[in-house]
Amino acid sequence: MKRLVLIAAAAVAAWLLPYGLGGYAIHVADVAIIFAILAIGLGLTMGVAGQINLAQVAFFGVGAYTVAILTTEAGLGFWTASVLALLTAVVFGVLTGIPALRMQSHYLGIVTLGLALAFTNWVTNAHIAGRAEGISDIPVPPMFGVDLSSGYLFYYVELIVFAVALAFALLVTRSPLGRRLRAMRDDDLAAGALGAEIPLLRMTAFVLSGLYGGLAGILYAGLIRFVAPESFNIANMFLLLAMVIIGGRSSILGCVVGAVALSLVREALLDASGYAQLGYGLVVVLVVVFAPQGLAGLPGQLQALRRRRGGGSRAQLGPFRPYEAVPRAEERVALEVRELTMRFKGLVALDEVSLTVPAGQIRGIVGPNGSGKTTLFNVVSGFYTPSRGSVALHGREVSGLAPYQLAQRRVARTFQNLRLFEDLSVRENLLLGLDRTRTWWIWRYPSLPWKVLGYERALRARAGELIDRFGLAEVADAEPRSLPYGIQRRIELARAMAMSPSLLLLDEPAAGLNGGEVRGLAEIVRSIRDAGVTVIIIEHNMGLVMSLCDQVTVLSSGRVIADGPPAEVAVHPDVVAAYLGDSMAAPTEESAEAAVEEANR
Amino acid sequence: MQVFLQTLIGGVTFGAVYALVAMGFSIVYRTMGLVNFAHGSVVMIGAYAASTFYLATQLPFAVAIVVAIAVTGLIGLVIERFLRPLENKDFTLMLIGTIGFGAVLEAGAVLVWGATGHAVPSPVATGPIDVAGIRIPTYSLLVIAVAAAATGLLALFLQRTKLGAAMQAVAMDHQAATAVGIHVGRSNAMAFAIGAGLAALAGSLIGPMLYVNPTMGGTLGIKGFAAAMLGGFGSMPGAIVGGLAFGLLDSFAAGNFQEYSELVTFLVFALIVMIRPTGVFGEATVNRA
């Protein structure tokens, strides 16, 4: 309710603003809105999706130049040209985004910057783009007799476009798509393992970037009715970047605030532009070092500071509420690995490994460090493509599929070193696991936004249930990094279970847990198995393996050296040799049992 | 054929300068994992410092270069000190921070030297040497020789001195380096100063070949960066190979596409990098998770 009042007040203020402004001031406001739209686009790609896109100004230029060329050279009407310009900008966005499929961070930054330079180079030299002089006589956009050559009336057109653009950006960031984009930014491997189609998501980010760039370009062409290369050069790209960084790159509203503020500052310092540039540079450096989340992040930073002074309370895990057991299905094979070989250059990490895991089993995988256990998981979950051999899931060949495709086939995993999304809350981490939609589902965003909101509500309800089941109620809205290690392990397990998997791969789930937590883990894993999920578990805690697993496979130097019920495997001479070195004599049955008990204690 | 060879010589000359820029990028990157987007602007400051000193004092060009190296080395130390809290942490933030520094340096240059820039007369008076109908400017030979000497010295420093070895150790594993008693902060500062010094050398050398102005850093920086990427980021041999390759790409694009050379250069670059993101000598991780 309070939020509605605020929005209404902002809308009314924006609507009444022109009455208080002079002719030049309204022009400044018009330009500020255009930069705000651009900044939203950059915030979405860079802040939310983590794609370092330094070509946003070029997309802006593509939009403006397309309108200019189509109206003056091809004689199209302004709005027809605008639609085509928007399409062109999106196409440019997609083309610029293609390198993002192969590289990230600074590599992507330099390639997009190079492409932006290529664009300015083209417009400064191409006859059709008016070379260095630019294109001047762009027609006034017609609008049912309203004279849009007036900065006042154009302001309202911009305001409406801006409101829609802002609302759409907020919808994107606060819904499953935005969450996936942020997850991809924080850790694309873990996001892929949760079923996010990384290549498609990266392209989506660049489509959004092109869309907002194009939109701003069209408005610019309609407002200024003149385009020239220097409006789209690297200096302006830096200004835009400064807006987004100072405002707060991962907050859309922050980007808008930054854009409007810096546009105004730039106007005020027009006479001292040299010093202004110096100032932006310094402010950006200071923001990066002291307030990485920009203006939008300041309240949170202050709060954290205060909390640190107050001293926090220690978070507690609640009890786990077991799943309802389902009657075990007739015995069939959940996972079959056949003669799998994985080579890294000269090193053979897996050497003709074969194993068959029946449905509904808890299978342990043990072996000394470096024996290829995690490599096996990485192959089964799609992170590595095997050099030779095959993997079949419920009888269907799956080797060579990408992690997200396996996640969609209901393979879930956890990671040895925990891969939670640190900047997302625990609840959001779970929501990512629960959201099973495919990326093409996003056509609903522009056409059926209310369905998106409905779906989000349903997801949240299910997340609530899951939080309850795993006893995470107390920490649901905390950031994972602030929580003790044992709780983080539990969260990762809950996130994997959120995918309602048929095969769950646990990579050293007991590492770093204390005795009580290990017992809790065993209880949870059993309940998961009873709910019909096949579990494969890599673990060094032999006590846990012996008591929990139905069958144990032992790897050593990339080969399977033993496979069978835990008690048998523990006394297998090869296993003992692999663990203790072959100079030892093979122990007797009793001494092995004693060793197992020792481990249990 | 003659045109081809002539373009080749131009390409190698510029390539030698790009290689110096790329080595500056690489030595900072491998030592502290920082991608210094301000590097181009440091090159520009170096070009200004050397040319201003050379024109104002009438001292030999070599002395002017040494002064420029000292000036930029100092700037490098300041940048490093400022960004130290971000080292080995958030990649994106560091990158943006250095972009911010680049803007500061550029704005500073405009304030000190004005926006228009100046031309620098060639410090070598003798005319071009004629070899089988191809004219080789003496200055080109000088540039190539100086770049080669600088590369040799750097290699000697990194491989034969204790300080250089310490820097190599930090590059491989900064935690392990700390554990054996290497002062990582000091080593990083040194890498930054050397990187900035290389930038100044590149800037001083390219001054007489181009027009020295405040915005030259942007393009030079991007080209040097692209060169480092072509060779394999963080690899010193890669920087040299990438620099020469990019110089050749650049000058052949200029020869065949005239005013569209930049467009062609960067499109070709984007294509090459897409096919082989790790460059010739390769960096293990491109997709930093």
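The values are calculated or read from the model by the stated rules, or taken from the named source; none is laboratory data. Note that the structure is predicted; figures quoted are calculated from it, not measured. Cβ: placed from backbone, ideal geometry, glycine included. Neighbour counts: every protein chain shown.
Structure notes:
- Residues in the range A:429-444 that are in contact with a helix residue (DSSP H, G or I) (Cβ under 6 Å, 6 or more places away or on another chain) and touching a residue at least 40 places away in the same chain (Cβ under 8 Å): 9 in all.
- Residue count for the range A:127-152 satisfying the condition of being farther than 19 Å from residue A:69 by Cα and surrounded by 15 or more Cβ atoms within 10 Å (Cβ to Cβ): 4.
- Per-region count, the range A:463-499, residues assigned to a helix (DSSP H, G or I), charged (D, E, K, R) and farther than 16 Å from residue A:320 by Cα: 1
- Options B:51, B:41: the member that is polar (S, T, N, Q) and either part of a loop (DSSP other than H, G, I, E, B) or away from chain A (no Cβ under 13 Å) (or both): B:51
- Close pairs from the range A:551-569: first closer than 25 Å to residue A:344 by Cβ, partner among the hydroxyl-bearing types (Ser, Thr, Tyr) and crowded, with 18+ Cβ neighbours inside 10 Å, Cβ under 7 Å, at least 6 apart: A:555/A:371; A:556/A:371; A:557/A:371; A:558/A:371; A:560/A:553; A:563/A:553
Results for (1) more than 29 Å from the chain's Cα centre (by Cα); (2) over 26 Å from residue B:269 (Cα atoms); (3) within 13 Å of chain B (Cβ to nearest Cβ), shown as yes or no for each residue.
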{"position": "A:42", "(1), (2), (3)": "no, no, yes"}
{"position": "A:53", "(1), (2), (3)": "no, no, yes"}
{"position": "A:72", "(1), (2), (3)": "yes, yes, no"}
{"position": "A:131", "(1), (2), (3)": "yes, no, yes"}
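- Test result for residue A:185, in a loop (DSSP other than H, G, I, E, B), within 20 Å of the chain's Cα centre (by Cα), at the interface with another protein chain (Cβ under 10 Å from one of its Cβ atoms) and at negative phi: no
- Of all residues in the range A:55-70 being out of contact with any Gly (no Cβ under 7 Å at 6 or more places or on another chain) and closer than 30 Å to residue B:272 by Cα, the one that is farthest from the other protein chains (Cβ to nearest Cβ): A:66
- Which listed residue, of A:510, A:458, is in the same structural domain as residue A:368 (by TED's automatic domain parsing) and not aromatic (Phe, Trp, Tyr): A:510
- Put simply, of A:120, A:66, A:96, A:124 the only residue that is hydroxyl-bearing (Ser, Thr, Tyr), more than 18 Å from residue A:141 (Cβ to Cβ) and crowded, with 24+ Cβ neighbours inside 10 Å is A:96.
- The single residue among A:513, A:483, A:544, A:504 that is surrounded by fewer than 23 Cβ atoms within 10 Å (Cβ to Cβ), touching a residue at least 12 places away in the same chain (Cβ under 8 Å) and out of contact with any Gly (no Cβ under 9 Å at 6 or more places or on another chain) turns out to be A:483.
- Set B:67, B:17, B:21: member being on the phi < 0 side of the Ramachandran plot, more than 14 Å from chain A (Cβ to nearest Cβ), buried (at least 21 other Cβ atoms within 10 Å of the Cβ) and not charged (D, E, K, R): B:17
- Residue in the range A:404-418 that is part of a helix (DSSP H, G or I) and within 20 Å of residue A:508 (Cα to Cα) present: yes
- The helices (runs of 4 or more DSSP H) falling completely within the range B:166-280 that include 1 or more residues that are more than 14 Å from chain A (Cβ to nearest Cβ) and modelled with pLDDT of 85 or more map to B:174-179, B:184-206, B:236-257.
- At least 3 residues being under 28 Å from the mean Cα position of the chain (by Cα), within 13 Å of chain B (Cβ to nearest Cβ) and within 20 Å of residue A:28 (Cβ to Cβ) is the threshold, and among the helices (runs of 4 or more DSSP H) wholly inside the range A:231-310 those reaching it are A:234-247.
- Checked against the criterion of being part of a helix (DSSP H, G or I) and of a type in the set (Ser, Thr, Tyr), the range A:106-114 contains one or more residues that satisfy it.
- Test: residue in the range A:430-441 that is part of a helix (DSSP H, G or I), of a type in the set (A, V, I, L, M, F, W, C) and surrounded by fewer than 17 Cβ atoms within 10 Å (Cβ to Cβ): yes
- When residues in the range B:70-127 are screened for being more than 14 Å from chain A (Cβ to nearest Cβ) and either in a strand (DSSP E or B) or of a type in the set (A, V, I, L, M) (or both), 9 of them pass.
Here is a yes/no grid of residues against (1) assigned to a helix (DSSP H, G or I); (2) assigned by TED's automatic domain parsing to the domain that holds residue A:403; (3) in contact with a Leu (Cβ under 6 Å, 6 or more places away or on another chain); (4) modelled with pLDDT of 90 or more:
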position	(1), (2), (3), (4)
A:506	no, yes, no, yes
A:517	yes, yes, no, no
A:521	yes, yes, no, yes
A:524	yes, yes, no, yes
A:532	no, yes, no, no
A:535	no, yes, yes, yes
A:540	no, yes, no, no
A:543	yes, yes, no, no
A:546	yes, yes, no, no
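- Being at pLDDT 80 or above, in contact with a Gly (Cβ under 8 Å, 6 or more places away or on another chain) and under 23 Å from residue A:526 (Cα atoms) is true of residue A:554.
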